[in-house]
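Worksheet for the structure shown next.
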Amino acid sequence: MNGIGQFMAAQIAAALGKPPQAIRRALRDVKPASVRIVKGKEITTWTLAALPAPLRCNLDAEARQRRYRDLETMLANPPAQWEPPVPLNQIADSEIARAGKLREALMPSLERLYGCDHEPDKFEQLGLNDYAKVFGHRITPQHWHALFKRTQDRDAGAENYACLEIYLPDNPALKKLPEMPLPETLREEFSGLSALIDTFPNPVAPTDAERRAVWTLAFRRYDEFVRCGITPKAAARRVRQFLFAGAPFLAASRDALLKTFHRKLESLKDTNGELTVLGDGRANNGDRADYSTRTGQFPALPRTLHEFARIRRAARRERHCRSGSRGHPGRSPKAPVDLVVASQVS
């Protein structure tokens, strides 16, 4: 731990958005408050009073801009290191491989910052050469500087440049969901649900609204089964069988899915069909399905999800055709998720 009121160069650098090496160079003539060895690495700290006036002014201005109570509070709470939107095990192998190559290409330049000073043009050229050696093609200096700066910004002063995550793109491609075998009868009976899930931008980690749309359509399908003469127990089993294979993001196991299904079904009955109990995406919009406590029935959707997907595809094609015209394209239809969660049934 740092002493009270003492801060490392990495903390100061993270607050200013600069490389720690630049801060160390600015402090090389300033006597440190302490020097110690932590895990084989020399850790040096400085007090705020010892900082050069220009550096202190920059820190004060940054603290005011970020509305911190004082400079010490800002330095004691550095920004967190960047993390991808999903865990590494959900990211496509091709993205992981490219991130590894980018780390290999940028690491020499990041390590050079620890050594002797380099002329800007020489430092840049070495970095461009490293990139071309790893990837087999050259990029512009502007592109290289953008990748280099993004890596430093994501590191947030931690100097953990071996971390693979900071080399990933902002929105990496995801692995495809593993396909589980489904009987043909189930595939046909739940074609609407399958069409809905296919429209999700990120089917591995759908949003709350998308999860709620899946549950909404699943319970309406359950009710259709019951109204067709299937026993509630058999209808629930059939719906859960599809959800476990076709929507694995809803529960980690069959037992968890069973408990969640029964809990949501009871909540729907207790609230007279209040759709907000199916998810957290629209907790305050007041949507209510016409669920009868006497009959226990959900009326069917006015349209199938196949129709929703077809309408959306047609609208997308029309927008592409109009992109070269000077007219005002019409508004596109709502996404299938919005049509499901916002629909009123009678």
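Based on the Kirkwood radius over alpha-carbon pairs, what is the Stokes-Einstein translational diffusion coefficient of the range 88-167 at 4 °C with 1.567 mPa s viscosity, in µm²/s?
Details: Rh = 13.2 Å.
Rounded to a whole number, D works out at 98 µm²/s.
Do the alpha carbons of any pairs in 122/149; 101/176; 175/259; 31/149; 101/149; 41/101 sit beyond 20 Å of each other, and which pairs?
Working: 122/149 17 Å; 101/176 22 Å; 175/259 28 Å; 31/149 30 Å; 101/149 17 Å; 41/101 27 Å.
Those over the limit are 101/176; 175/259; 31/149; 41/101.
Quick one: 57, 228, fewest Cβ neighbours within 10 Å first, how do they rank?
Details: 57 11, 228 8.
If I rank by nearby Cβ atoms, fewest first, I get 228, 57.
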Among 164, 265, which comes first, second and so on when ranked by fewest other beta-carbon atoms within 10 Å?
164, 265
Of 220, 25, how do they rank once you tally other Cβ atoms within 10 Å and put the fewest first?
25, 220
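No value in this document is a laboratory result; all are computed from the given coordinates. What you see is a predicted model; the values in this text were computed from it and never measured. FYI the Cβ positions are ideal-geometry reconstructions off the backbone, even for glycines, and counts take in every protein chain you see.
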